[in-house]
Each structure stands twice: as C-alpha cells, then as structure tokens.
Amino acid sequence: MKKSMSDYRPATQAVRAGQIRSSENEHSEPIYTTSSFVFESAAQASARFSLEEEGNIYSRFTNPTVRVFEQRLASLEGGEACVGTGSGMAAMLATCMAGLKAGDHVVSSQSIFGANQTLLKGLMGNFGIKTTFVSLTDLDAWRSAIRQNTKMVFFETPANPLMQIGDIAAISDIAHSANPDIKVVVDNCFCTPILQRPLSLGADVVLHSATKFIDGQGRCVGGAVVGDADFVGEKIVSFMRTAGPSMSPFNAWVFAKGLETLPLRVNQACDNSMQLAEALTEVAQVERVYYPGLSTHTQYELAKAQQSKGGAVVSFELKGGQEAAWKLIDSTELLSITANLGDARTTITHPYTTTHARWSDEDKAAAGISRGLVRIAVGLEDPIDVIGDLNFSN
Ligand SMILES: Cc1ncc(COP(=O)(O)O)c(C=O)c1O
C-alpha cells in the first residue's frame, strides 16, 4: 500500500510534505502569485463558492503555495489541519476570534509574549472576554483558575526570557478534566515541532510565529495555527475567509523552504546554545544562567522529558545589573543587537528595557526579569566565535 506522509520521519516530512507538482513537473515548489482563480463554468463557480466543490477561489483563504506550507507544518506538528496567517499575532487573533465569544473566560500563563498579553487583556477584554493570568509552573494555580465559562487555556513553553517550562501534558489534563471542550492552545515557536509536539501531549491547538525558526533567516513575518479538522480546518478557515489576515504566497514559499532545513538548523542552534550556556556558567561576572538544557535548570527533568533538546535561547543574569548588561551588549562586534530570535544570526537583547519595557517594575520583579538579565537567541555561527564576542571584563 502507498505510504502517507505521516508514515515518514520528521526530516522527510520537512522536505517532502505538501508538495503537489503542477503540469510543468517542477522539482521545487512554484510561487502562485495570483489573487483569484478562474472557473470552468458558472456552475463550477457556484459550486466552489457554496463549498460543495473543493478548490481555489480567492487567495484570501486558499492559495496553492500557502497550502504547501500549511500541509508541511501540519505534517510536522501531527495536526489534521493548518492555516497560515499574516503574522504570529494574526494566528493568535484568529484562534481567539474563532474560539471565543463575549462572556467567555481564558486562563493564560503570565509569562507570554507581550503582544499576546495585550491582546488578551486589552483587545479581548473590550469584547467581554476575561482572562485570568497564572504562573506557568504552578499547576494548582491553573486548576483553581478554571471556571465554568473557561473556553481556552493558553501558554508558551519554554517561556521568554527565563526559559520556564510549562508541563503540556499536565496543563492539558487539568483543562480537559474540568471540561473536555476547553481548547488548550500552545505557542510552540521557541521549540518548533523538531523539539516538541504539543498535540501529541494533549494540547488541541499549536500556534507559530513563522517569523522565527520557520523562516530562520529573518526575512518574512508570518504565522500559523495547527490543530484538528473541525476547529482549525473549519472555524479558523471560516474566520480567515471573513476577516482576512492571510499569509502572502511569497512569504508562504519562504516558510515552506524554511521548513525543509528546520531540523538541521534547530538541532545545530540547540547544540551551539548548549556550548554557550556551559561556557557562561564558568564566567565570574555571571550570577545565573537560564537554559533548559543545563542540569542546573530548576525544571531540567521536565524539559528533558518534553523537549528533545534545550532550545536556542540562553538568558543569564550579570552581577553588575543594567550597567554591566548594557556594557556587555554594546561591546559585541559580531552579535546583532535586536530582539528577534530563531535567526541564523545570533541576537542579543536586554529584556528589562526592550521586550518587557512596558511591564511595570513590580510585574518585572514578580516575574524575575531583573536589570542584569541578558538574552541571547543563538544562531548558526560557530559557537566559539559567539562566546568570544562576549567581553565580560570591559
Ligand atoms: C513567543 C512568541 N509568540 C508570538 C510572537 C508574535 O509573532 P509575530 O511577530 O510573527 O507576530 C512572538 C514574536 O516575537 C513570540 O516571540
């Protein structure tokens, strides 16, 4: 019997899944830059618009290049369906709009990307959806935050920038035991399916900022929602058709090509990160290193069970506070001073005054984000050069 893509291993899926050759028999996927598609007859147009017949209509909601990316990522995450979106934030917005209505309640980790927090608190709050924020690692807090009207649970793991681990199986179990209809949504952009597959651990929906490791070279902004045929294949698709925060065919082509090398890049970036993290533990000026691959990480055992490697973000606290952190950042010659991650180029940032600048001092103190904290998102340069670029004694 002919094999299906799910019979193959991830490195094979990353290269092969989703491709359908056109009549030109191209080897590499073409980019279909067309806004609309033509029909053979008025009857066919009618059948397509009423969804009686499957097929392309208009690129706001279906496009062959976007479909290649979607099927490739769905295959890697082990989901039935995937929808590409214009950004990672559009993926989060689509998930909220498709899954929530006024009066619903969300339980979210407090350690999430800032714009996701603003979206839940502000934007969703304006539409009568309330969110309770809890500590990612406190399972009792998740348990007691769930209410009768809770419809969604949301977290990212590892969480930025301190690399705390959310127990995907345990949080999914807590939510589904309270109510099987609660959607457990996991932002998987720090690990990618190469290191961790949340759907196989009990989550219902996986979100991605494709802008990060999926592109892998810092070129395009995009996102994706992965999950089952009903929620993602029907409800998210319907939201995209109506509201339209779509992925462009060109970006989809970049992301589909990015997926082909994702296993190689993510594994190499993890190995480089491990070398950096180990080197940092030897530096006298470093108070503490946060990296899930180190046995000193407070959740090392959970990280080891849930992720195949430690990831490609290493944070550390300097004894000299903000002055030392800024001096270190300013003394680098090779590293890029920018907050993006998942890029071939290693980036360095000061979370206190950049990514978390809008948080109050109290919130930062509660979350453990100190003035001496530095985050390095490790890329593909030789790790010896990256370590050599960090001048602690200036
Ligand atoms: C963990 C995480 N989720 C979501 C996003 C949002 O993605 P995008 O910038 O593609 O909208 C980011 C962006 O930095 C992120 O770091």
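What is the order of Thr132, Thr150, Thr298, fewest Cβ neighbours within 10 Å to most?
With the fewest neighbours first, Thr132, Thr150, Thr298 line up as Thr298, Thr132, Thr150.
Which value at 222 nm does the chain reach when only helices count, each DSSP H run of 4 or more adding -39,500 (n - 2.57), with the total divided by all residues and rounded to the nearest 500 deg cm²/dmol?
-10000 deg cm²/dmol
Helix 64-77 versus the longest principal axis of the chain: what angle, 0 to 90°, nearest 10, using Cα atoms?
The helix 64-77 is inclined about 50 degrees to the chain.
Would you work out which of Ser87, Ala344, Ala284 lies farthest towards the positive end of the dipole of the chain, given +1 charges on the beta-carbon of Lys and Arg and -1 on that of Asp and Glu, about the Cα centre?
Of Ser87, Ala344, Ala284, it is Ser87.
By how many degrees, 0 to 90 and rounded to 10, does the Cα axis of helix 249-260 deviate from the longest principal axis of the chain?
Long axis of 249-260 versus the principal axis of the chain: about 60 degrees.
Calculate how many DSSP beta bridges within the stretch 9-260 are antiparallel, expressed in % of all such bridges and rounded to the nearest 5.
So the antiparallel bridges amount to about 40 percent of the total.
So what's the net charge close to Phe39: Lys and Arg +1, Asp and Glu -1, counting the other residues with Cβ under 15 Å from its Cβ?
-3
Report, in cubic angstrom per residue, the convex hull volume of the C-alpha atoms of the stretch 137-192.
For the stretch 137-192, the hull spanned by Cα atoms encloses 76 Å³ per residue.
Can you give me the Cα centroid spacing of the stretch 247-286 and the stretch 5-28 in angstrom?
The stretch 247-286 and the stretch 5-28 have Cα centres separated by 23 Å.
With +1 on each Lys and Arg Cβ and -1 on each Asp and Glu Cβ, how big is the dipole of the chain about its Cα centre, in debye rounded to the nearest 20?
Computed charge dipole of the chain: roughly 560 debye.
Among Lys364, Lys101, which comes first, second and so on when ranked by fewest other beta-carbon atoms within 10 Å?
So the ranking, lowest neighbour count to highest, is Lys101, Lys364.
Calculate how steeply helix 262-281 sits against the longest principal axis of the alpha-carbon atoms of the chain, using the helix alpha-carbon long axis, and give the answer as 0 to 90 degrees to the nearest 10.
10
Would you mind giving the average projected area, over all directions, of the Cα convex hull of the chain in nm² with one decimal?
Average projection, Cα convex hull of the chain: 20.9 nm².
Could you give the nm distance between label points at Thr338 and Asn391, where each point is 7 Å from its Cα heading toward the beta carbon?
Inter-label distance under the simple model: 2.3 nm.
Whole Å is fine, so just give me how far the alpha carbon centre of the stretch 131-206 lies from that of the stretch 347-394.
Rounded to whole Å, the Cα centres lie 25 Å apart.
Since every read-out is calculated from the coordinates, none of them should be taken as a lab result. Fair warning: this is a prediction, and the values are worked out from it, not measured in the lab. Don't worry about glycine lacking a Cβ; one is built from the backbone with ideal geometry, like all the others, and counts go over all protein chains shown.
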